[in-house]
Structure formats: structure tokens, C-alpha cells
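The values are calculated or read from the model by the stated rules, or taken from the named source; none is laboratory data. None of the values given here were measured: they were computed from a predicted structure. Positions of Cβ are backbone-derived with ideal geometry, glycine not excepted, and every protein chain shown enters the neighbour counts.
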Amino acid sequence: MARILVVDDDPDFVLVTRVILEAEGYQVTTASDGTTALEMMRQQRPDVVLLDVMMSTTLEGVDVAREMEADSQLRDVPIVMISSIATSEYAAEFPDDESIPIAAWISKPIQPAVLLKTIRRFV
């Protein structure tokens with residue numbers, strides 16, 4: 001079964017997402033920050049990464065995505081960026097003039113059907 005890494009600093013979001021994905025048979029691991037996520041990915045490569053934009057820094061998820069792209073072992077792992085940044089006061093900080101290496105985008109709050117449909121595209 002596919003391994004999914006959920007990277008988000010919101011424990012409620014992580015719990016709900018884990019329940020949704022595990023109910024569908026996915027193996028779920030979690031990290032609450034980008035540094036931990038990268039370490040975990042290098043130890044056991046996930047099939048898909050669900051990555052929040054805003055964690056300890058406003059654009060931490062973007063930084064993780066770029067680091068994954070630069071790593072030959074991780075660059076082909078699909079990243080599904082999940083965030084509410086578009087509707088937050090930080091929207092202007094999100095880089096819209098450069099490429100961010102993500103495979104899909106889901107806005108929070110997520111709908112379970114949208115999450116599962118998106119995951120199925122990559123596993």
C-alpha cells in the first residue's frame with residue numbers, strides 16, 4: 001500500500017487527514033516541520049507528500065518543496081501542497097512569479113473526497 005507523509009504543524013488537521021487516509025488503506029506517517037519531514041523522507045521515501053505551506057515560517061513548505069527538488073532521491077516524489085495561505089493575511093508573500101515544484105494544490109479546509117481523488121492521481 002502507498003506510503004503518504006503528512007507534513008503540517010496543526011495536530012487537528014494531521015489527525016483528521018490520517019483518519020481519512022488510513023480508512024482507505026494508506027500507510028500514513030507525519031511530521032510537524034520541514035526539517036523532520038526531510039529527515040523522514042530520506043530514511044523511508046514516501047509515495048506522496050502532503051505538505052503545508054505555513055508552518056514555523058510562512059513559506060516553510062515552499063522551502064521543503066525546493067529542497068526535495070534539489071535532492072536526486074526525492075525530486076520525483078509527488079508533492080500535494082495544502083494550505084489556507086490564499087485566504088490568509090500572508091497571501092501576498094506566496095511566490096507567484098516563480099515555479100514551485102508541486103504536483104497538485106488543495107486549499108484548506110480540505111474535502112475528504114477531493115483529498116482522496118488527488119492522492120489517487122499519484123499512487
request  = Look through Val49, Val28, Val62 and report the one residue that is at pLDDT below 95, surrounded by 17 or more Cβ atoms within 10 Å (Cβ to Cβ), within 14 Å of the chain's Cα centre (by Cα) and hydrophobic (A, V, I, L, M, F, W, C).
outcome  = Val62
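Tell me, please, whether a residue that is assigned to a loop (DSSP other than H, G, I, E, B), within 13 Å of Ala2 (Cα to Cα) and in contact with a Lys or Arg (Cβ under 7 Å, 6 or more places away or on another chain) can be found in region 45-64. Let's see the steps before the verdict.
Quick first cut of region 45-64, residues assigned to a loop (DSSP other than H, G, I, E, B) only: 45-47, 53-59.
Right, trim to within 13 Å of Ala2 (Cα to Cα) and you get 45-47.
From what is left, the residues that are in contact with a Lys or Arg (Cβ under 7 Å, 6 or more places away or on another chain) are 46-47.
Taking every residue of region 45-64 in turn, at least one turns out to be assigned to a loop (DSSP other than H, G, I, E, B), within 13 Å of Ala2 (Cα to Cα) and in contact with a Lys or Arg (Cβ under 7 Å, 6 or more places away or on another chain).
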task = Could you grab me the full set of residues in region 1-35 that are assigned to a helix (DSSP H, G or I) and in contact (Cβ under 8 Å) with a residue 24 or more places away in the chain?
result = Phe13, Thr17, Ile20, Leu21, Gly34
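Among the residues of region 67-74, is any closer than 22 Å to Val16 by Cα and either surrounded by 14 or more Cβ atoms within 10 Å (Cβ to Cβ) or free of Cβ contacts under 8 Å to residues at least 12 places away in the same chain (or both)? Show your work before the answer.
Quick first cut of region 67-74, residues closer than 22 Å to Val16 by Cα only: none.
Taking every residue of region 67-74 in turn, none turns out to be closer than 22 Å to Val16 by Cα and either surrounded by 14 or more Cβ atoms within 10 Å (Cβ to Cβ) or free of Cβ contacts under 8 Å to residues at least 12 places away in the same chain (or both).
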query = Using beta carbons and a limit of 8 Å, which pairs, at least six apart or on different chains, have the first residue in region 105-123 and without any contact (Cβ under 8 Å) to a residue 60 or more places away in the chain and among the acidic types (Asp, Glu) and the second one surrounded by fewer than 17 Cβ atoms within 10 Å (Cβ to Cβ) and not in a helix (DSSP H, G or I)?
reply = none
message = Need pairs with beta-carbon distance below 7 Å; first residue at pLDDT below 65 and within region 77-88, second aliphatic (A, V, I, L, M); sequence gap 6+ or separate chains.
response = Ile85/Val53; Ile85/Met54; Ile85/Ala91
